[in-house]
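*Asks:* Just passing along the structure, written as structure tokens.
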Amino acid sequence: MPAPTDKPRFSEQVFALLEAAPDAMIITDPEGRIVVVNAQAEQVFGYSRAELLGRQVEDLVPDEFRARHPGHRAGYQAHPRPRPMGGPASDLFARRKDGTVFSAEISLSPMHTEEGLVVIAAVRDVTVRKKVEAKFRALLEAAPDAIVITDENRRISLLNAQALSLLWYARADLLGKPVETILPERFRQAPGQMHPLANPDPELMVRRADGAEIPVEVSLRPLETEEGLLTFAALRDISERKQAEQERARLFEAQEAVRARDDFLSIASHELKTPLTPLLIQAQTMLRLSRAGDVSCADLLPKAQKIERSVQRLNTLIGEMLDVSRIAAGRLSLELGEVELGALSDEVCARLESEVERTGSAVHLEHPSPVIGRWDFVRMEQIVSNLVSNALKYGEGRPVSVSVTAQDGWAKIAVSDQGIGIAPEDQARIFQRFERAVPGRKYGGFGLGLWIVRNIVEAHGGVVRVQSALGQGSVFTVEVPQSGPPKAAGHEEPRVLH
Ligand code: ADP
């Protein structure tokens with residue numbers, strides 16, 4: 001016979017434990033009769049302990065589910081293990097004595113005893129929590145933005161209807177998926193440890209189920225909850241805004257194009273008229289002298305030279321205008337052949353003799369050895385001619401030097417002057433169409449020469465650069481590959497240039 005002791009018996013300890021549990025605890029026998037309850041169970045269900053003991057557990061199940069309950073019970077008895085009752089997303093309800101029904105969270109544990117398998121059920125009234133959750137969901141649904149909530153592992157745990165209509169997914173296809181699922185490949189790797197939706201890229205896009213990319217603006221907030229630290233992301237579709245921005249930009253471009261065309265028309269008419277006036281005067285004088293029969297070759301020569309200069313100027317201007325329309329329409333084609341750049345530069349400089357005389361700048365040309373390449377002869381002449389004419393025009397009468405060299409398969413033309421120079425802020429824009437950095441009245445011109453040069457150089461696969469300081473002069477350098485333009489730039493296939 002064991003000695004009597006003061007310690008409580010095991011079963012008493014179990015009862016004490018049940019009483020201390022925060023949930024309503026109900027133990028049922030193999031037939032589903034309630035055999036043990038705690039005080040919380042009395043409180044939650046509104047029955048006294050005496051009323052609960054011996055009662056069928058089905059009495060605690062709402063009417064509409066009662067008939068199915070013995071089946072669930074038998075199922076549990078066949079596979080008894082501790083688990084929450086119902087499926088992961090199922091809503092459970094329980095019935096109080098007064099017939100009212102409440103939302104419940106129930107977990108079940110089996111216990112093998114001499115009387116057979118008993119089941120311990122812990123029941124928690126989650127009405128308040130469910131109400132809060134329902135409110136939270138209603139708020140999410142009422143939000144104007146698409147909302148995507150991700151868990152600590154950056155898996156999607158909640159979405160509102162706006163998110164589904166933005167992303168074209170069914171809710172079940174996204175829940176539990178990594179948040180990267182809704183991002184295009186290039187945004188999946190956010191810098192550092194950052195949440196992928198926190199990507200600071202102003203062009204951030206989300207990827208719709210059909211693969212289309214939608215520009216979005218994202219605001220992120222951390223959300224402390226019972227389930228851990230969630231991330232709350234509000235996504236706003238900004239496609240319309242982007243589209244409006246693009247339309248505004250297009251409109252602005254169109255207005256700019258109209259303005260540029262109007263400017264061009266006024267500059268062009270002025271520029272074309274300038275050589276016409278001396279041309280007309282010289283021609284009229286020659287006519288008058290010829291009619292009077294009082295004329296010698298010596299009288300005619302300077303007039304004929306002036307006429308020739310004016311005609312040449314007109315020819316250049318009209319040539320530039322034609323090139324602009326050709327380049328803009330993508331019709332600048334290259335007639336490629338073997339070209340020797342030294343001899344070509346000699347010819348160009350010789351042709352510019354009258355400008356050299358007029359400006360007073362001496363041109364010093366050096367090309368130590370032949371520089372041969374596969375280029376368009378006429379277009380290369382145009383490059384040298386434009387750069388040397390500019391050096392003479394803006395060179396303030398000081399010497400101009402031209403050098404033609406080759407190194408590592410690249411030909412280099414450098415034209416330097418000691419004239420007015422170009423301010424640093426103007427050096428990039430002068431290669432654009434109609435851009436000038438000098439007053440139009442003092443120096444005539446369309447502001448097209450360098451743009452044409454750049455387009456020809458680029459069509460040959462080369463680059464043009466300027467180095468300059470205001471008041472000290474400029475060096476324009478062109479570098480083109482001797483092997484010729486990259487493939488597909490021959491005259492058979494015109495390159496589109498802008
Ligand atoms: P244009 O000479 O008809 O104005 P360009 O396209 O040839 O057109 O040149 C654009 C602008 O670049 C010129 O208006 C001028 O301001 C500047 N520029 C070009 N070459 C020189 C140079 N050698 N020295 C100083 N400024 C130059």
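The values are calculated or read from the model by the stated rules, or taken from the named source; none is laboratory data. From a predicted model like this one, the values you see are computed outputs, not experimental measurements. Backbone-built Cβ (ideal geometry, glycine too); neighbour counts: all protein chains shown.
*Asks:* Residues Pro80, Pro70: which one is farther than 23 Å from Pro22 by Cα and under 58 Å from the mean Cα position of the chain (by Cα)?
*Replies:* Pro80
*Asks:* Among the residues of segment 429-446, count how many are in a helix (DSSP H, G or I) and either within 8 Å of the ligand (Cβ to nearest atom) or of a type in the set (A, V, I, L, M) (or both).
*Replies:* Qualifying residue count, segment 429-446: 2.
*Asks:* Report the residue count in segment 122-140 for those that are under 24 Å from Ala234 (Cα atoms) and either among the hydrophobic types (A, V, I, L, M, F, W, C) or crowded, with 17+ Cβ neighbours inside 10 Å (or both).
*Replies:* Qualifying residue count for the region: 6.
*Asks:* Tell me, which strands (runs of 3 or more DSSP E) wholly within segment 77-185 include 3 or more residues that are under 19 Å from Ile27 (Cβ atoms) and polar (S, T, N, Q)?
*Replies:* So the answer is 101-113.
*Asks:* Can you name the residue in segment 452-482 that is small (Gly, Ala, Ser), in contact with a Gly (Cβ under 8 Å, 6 or more places away or on another chain) and assigned to a loop (DSSP other than H, G, I, E, B) and is also nearest to the ligand (Cβ to nearest atom) among such residues?
*Replies:* Among those residues, the one meeting the criterion is Gly471.
*Asks:* Between a first residue in segment 411-437 that is under 22 Å from Glu381 (Cα atoms) and a second residue that is more than 8 Å from the ligand (Cβ to nearest atom) and in a loop (DSSP other than H, G, I, E, B), which pairs have beta carbons less than 7 Å apart while being 6 or more apart in sequence or on different chains?
*Replies:* Close Cβ pairs (under 7 Å, with a partner that is more than 8 Å from the ligand (Cβ to nearest atom) and in a loop (DSSP other than H, G, I, E, B)) amount to Ala411/Val371; Ala411/Gln482; Asp417/Arg398.
*Asks:* Here is a check on your reading of the model: is Val404 within 16 Å of the ligand (Cβ to nearest atom) and closer than 26 Å to Pro370 by Cβ?
*Replies:* Against the criterion (within 16 Å of the ligand (Cβ to nearest atom) and closer than 26 Å to Pro370 by Cβ), Val404 does not qualify.
*Asks:* Also: Condition first: modelled with pLDDT under 95, in contact with a Phe, Trp or Tyr (Cβ under 9 Å, 6 or more places away or on another chain) and not hydrophobic (A, V, I, L, M, F, W, C). Can you find one or more residues in segment 241-250 that meet it?
*Replies:* No, the conditions are met nowhere in segment 241-250.
*Asks:* Criterion first (within 13 Å of the ligand (Cβ to nearest atom), small (Gly, Ala, Ser) and more than 14 Å from Glu479 (Cα to Cα)) does Ser361 satisfy it?
*Replies:* Yes: the conditions hold for Ser361.
*Asks:* Suppose we filter Arg66, Arg49 for residues that are over 30 Å from Ala172 (Cα atoms) and basic (Lys, Arg); which single one remains?
*Replies:* Arg49
*Asks:* Here is a follow-up. If I filter segment 407-426 down to residues being under 17 Å from Val463 (Cβ atoms) and more than 9 Å from the ligand (Cβ to nearest atom), which single residue comes out as surrounded by the fewest Cβ atoms within 10 Å (Cβ to Cβ)?
*Replies:* By that ranking, first place goes to Asp408.
Conditions (1) surrounded by 11 or more Cβ atoms within 10 Å (Cβ to Cβ); (2) more than 30 Å from Ala414 (Cα to Cα); (3) hydroxyl-bearing (Ser, Thr, Tyr); (4) more than 47 Å from the chain's Cα centre (by Cα), marked per residue:
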site: Glu240; (1), (2), (3), (4): no, yes, no, no
site: Gln243; (1), (2), (3), (4): yes, yes, no, no
site: Leu251; (1), (2), (3), (4): no, yes, no, no
site: Ala257; (1), (2), (3), (4): no, yes, no, no
site: Ala283; (1), (2), (3), (4): yes, yes, no, yes
site: Asp294; (1), (2), (3), (4): no, yes, no, yes
site: Leu301; (1), (2), (3), (4): no, yes, no, yes
site: Arg309; (1), (2), (3), (4): yes, no, no, yes
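*Asks:* Of the residues in segment 364-401, how many are away from the ligand (no atom under 16 Å from the Cβ) and in contact (Cβ under 8 Å) with a residue 40 or more places away in the chain?
*Replies:* Residues in segment 364-401 being away from the ligand (no atom under 16 Å from the Cβ) and in contact (Cβ under 8 Å) with a residue 40 or more places away in the chain: 9 in total.
*Asks:* What do you reckon, is Gly449 crowded, with 21+ Cβ neighbours inside 10 Å, within 7 Å of the ligand (Cβ to nearest atom) and within 27 Å of Ile318 (Cβ to Cβ)?
*Replies:* Yes, satisfied.
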